[in-house]
Amino acid sequence: MSRFCVIEGTKITLNNKETLPIEKIKAGQEILSFNLNTLQKSQKNDTLLKLSTDKWDGVFQEDLIKNIWKNEVEEYYSINNKLKITGDHIVLGKRDDTFYWTTVDKLLIGDYLFTDQNIFEKIDMIILIKEKVKVYNLQVNDVYNYFANSYLIHNGAPCGASCAACGAQGYSLTILAYDTEHLSNYTITVNSDSKTYGYMGPYTQTWTGLTGSTQSWAITAGSYTCYISGLSNCTTTGDGQSSTGTYLATITDTSSDAQFRIDIEQ
């Protein structure tokens, strides 16, 4: 569960520029992100909050949702009467000629926020609202940000690398699976915890709160062959092997999240 959130009803910008309320977003869905080349990408809040640059260079790109959290809070901020967001959530700000990641409660009138219209919008109003509301947050696959009510915000504190923020321990392992030939749902099991995938895809599932440097995993998908790619912070056996086997993923850095992709072929 994440405490860095936006309120229910916040519109998330999809890759096709349409929007969808955050409570209707699903894992594996394509959303619009912004790949900012002049600031380091990180899931660690203490790292993010030290970053700044006077150079602006980046591109819009699609990304996939890994996780969705739901919570309740007693207060939140309203920015320009558009973005309703908790004070500890991290957003991309611009002050004078400096671009930087900052928590919402450090924003000032006259600062600027980046939008999905490829412009910076001036902050004219900041209000703290004390009201109990339902809130949501998203974990994004690669770029770690998304657009909420048109403003670019970071994906907060996902379970794993920065779990001190949400109370969980350990790291997360995300497995993306693509299957263009299978005719029914199948499962992937990590250390006895099974999750269901639909046929075709892409589909994404995440196992959180993991500890130790190795994780066993297996596919229940009939007589198929799996091909491994897109490894991040891990190595694994199983590439080119029968999907009926059990394999071993080795985590490079257990203080950070890991991920890989499986293509299942007949």
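The values are calculated or read from the model by the stated rules, or taken from the named source; none is laboratory data. Computed from a predicted structure; not experimentally measured. Methodologically, a virtual Cβ is constructed for each residue, glycine included, from the backbone with ideal geometry; neighbour enumeration extends over all protein chains shown.
Summary table below
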| quantity | calculated |
| --- | --- |
| Residue in the range 40-51 that is in the same structural domain as residue 131 (by TED's automatic domain parsing), more than 17 Å from residue 141 (Cα to Cα) and among the β-branched types (Val, Ile, Thr) present | yes |
| Residue within the range 213-223 that is closer than 18 Å to residue 66 by Cβ, outside the structural domain of residue 142 (by TED's automatic domain parsing) and either among the small types (Gly, Ala, Ser) or within 24 Å of the chain's Cα centre (by Cα) (or both) present | yes |
| In the range 145-190, the residues that are small (Gly, Ala, Ser), modelled with pLDDT of 90 or more and in a strand (DSSP E or B) | 148 |
| Pairs with Cβ under 7 Å, 6+ apart, first in the range 87-114 and free of Cβ contacts under 8 Å to residues at least 24 places away in the same chain, second aliphatic (A, V, I, L, M) | 93/107; 93/113; 109/123; 109/126; 110/123; 111/123; 112/123 |
| When residues of the range 83-107 are limited to those that are of a type outside the set (D, E, K, R) and farther than 26 Å from residue 59 by Cα, the one surrounded by the most Cβ atoms within 10 Å (Cβ to Cβ) | 86 |
| Residues of the range 1-40 that turn out to be among the hydrophobic types (A, V, I, L, M, F, W, C), in contact with a Ser or Thr (Cβ under 7 Å, 6 or more places away or on another chain) and closer than 18 Å to residue 151 by Cβ, as a count | 7 |
| Subset of the range 238-266 (residues that are assigned to a strand (DSSP E or B), charged (D, E, K, R) and under 23 Å from residue 208 (Cα atoms)) | 261, 263 |
| Residue count, the range 108-142 (criterion: under 30 Å from residue 260 (Cβ atoms) and surrounded by fewer than 17 Cβ atoms within 10 Å (Cβ to Cβ)) | 1 |
| In the range 40-62, the residues that are at pLDDT 90 or above and under 24 Å from residue 254 (Cα atoms) | 49, 50, 51 |
